[in-house]
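Reviewing the structure listed below.
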Amino acid sequence: MSDLPKAGQALAELDEVVARLLDPVTGCPWDIKQTFGSITGNVLEETYELLEALKEENADDIREEAGDVLFQVVFIGRLAQRAGWDFSLAEIINQVRAKMVARHPHIFGDGRPLADAQAVLDQWQAIKRQDPKHARLLASVPQALPALQRAHRLSDRAGRAGFDWPDAGAVRLKVNEELAELDEIFPGSGSGYAEYDKKTAAPEIKQRAKEEMGDVLLALANLARHLGFSAEEALREANDRFVRRFNHLEDRLAADGLKPENVSADRLEELWQEAKKS
């Protein structure tokens, strides 16, 4: 038996909850103050919490975090009504439904069957670019994405148009090239880096270093893409490893009544290497 009637009723009740929260007279003072701009942090935070739940494949957390993301969508619909715009939750739902149908002609229309997932992605992009808003190939990659993830998406889109390196080896050479350009700012076989003081460095040196470092990171994001994973995912996992290892270091020191700031760098390095093996 379909769950849609039950889901529709639940969605309508959630919409009413949001309407009460935003009531200008009897609503919640915090919710009433919110705007499209002020809720961007909430939307981003809830999305990341859902991503974490999906990664862990925890059913209870996925249900809860998906609900929090849905709440943000319903809230946006009500803010649009409050602003006098010509859309609400119903229009949001109807528009995305129509979009999904239009971009899957192999399922809902007379389009030919597609062989694999890549063919579906190619068709999706071809249909999308028929919209004047997406005429430029890179226009639809959101600026609000985390920078490494955006770098992956931008280079992937450009690659589909033939603007790409032939293989991972070529990208690895590009990483060397970009690192060499960064090194040119700090000459002296590494001594330039050692002598660099970020507090007193000239603004133009900082800006050049920032630009070259950006090019290095972009090249590394492309290398990760050619190796078959995203730099964002790789860095996220590296962050998790760093936290686990540092926690191990802290626990080992705490057993002796110490903190990291109380011991030598050599002792910290020794414990760090121990943590890497555990």
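FYI, it's all coordinate maths here, none of it is from the lab. Predicted, not measured: the structure shown is a model, and the values here were computed from it. Neighbour counts are summed over all protein chains in view; Cβ atoms, including those assigned to glycine, are modelled from backbone coordinates with ideal geometry.
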Flagged in the stretch 224-245 as surrounded by 15 or more Cβ atoms within 10 Å (Cβ to Cβ) and outside any helix (DSSP H, G or I), in numbering order, are Ser230
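Let's see how each residue does on (1) of a type outside the set (D, E, K, R); (2) in contact (Cβ under 8 Å) with a residue 40 or more places away in the chain; (3) under 25 Å from Gln34 (Cα atoms):
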{"position": "Arg82", "(1), (2), (3)": "no, yes, yes"}
{"position": "Glu91", "(1), (2), (3)": "no, no, yes"}
{"position": "Arg97", "(1), (2), (3)": "no, no, no"}
{"position": "His104", "(1), (2), (3)": "yes, no, no"}
{"position": "Arg112", "(1), (2), (3)": "no, no, no"}
{"position": "Val120", "(1), (2), (3)": "yes, no, no"}
{"position": "Ala126", "(1), (2), (3)": "yes, no, no"}
Is one or more of the residues making up the stretch 246-263 of a type in the set (Phe, Trp, Tyr), over 19 Å from the mean Cα position of the chain (by Cα) and not in a helix (DSSP H, G or I)?
-> no
Can you tell me which residue among Ala224, Ala202 is more than 30 Å from Arg160 (Cβ to Cβ) and among the hydrophobic types (A, V, I, L, M, F, W, C)?
-> Ala202
Residues that are surrounded by 13 or more Cβ atoms within 10 Å (Cβ to Cβ), out of contact with any Pro (no Cβ under 8 Å at 6 or more places or on another chain) and acidic (Asp, Glu): which helices (runs of 4 or more DSSP H) entirely in the stretch 22-126 hold 1 or more of them?
-> 29-33, 40-56, 59-82, 89-102
Filtered residues of the stretch 122-163 (kept if farther than 30 Å from Tyr48 by Cα and of a type outside the set (A, V, I, L, M)) = Gln130, Pro132, Gly162, Phe163
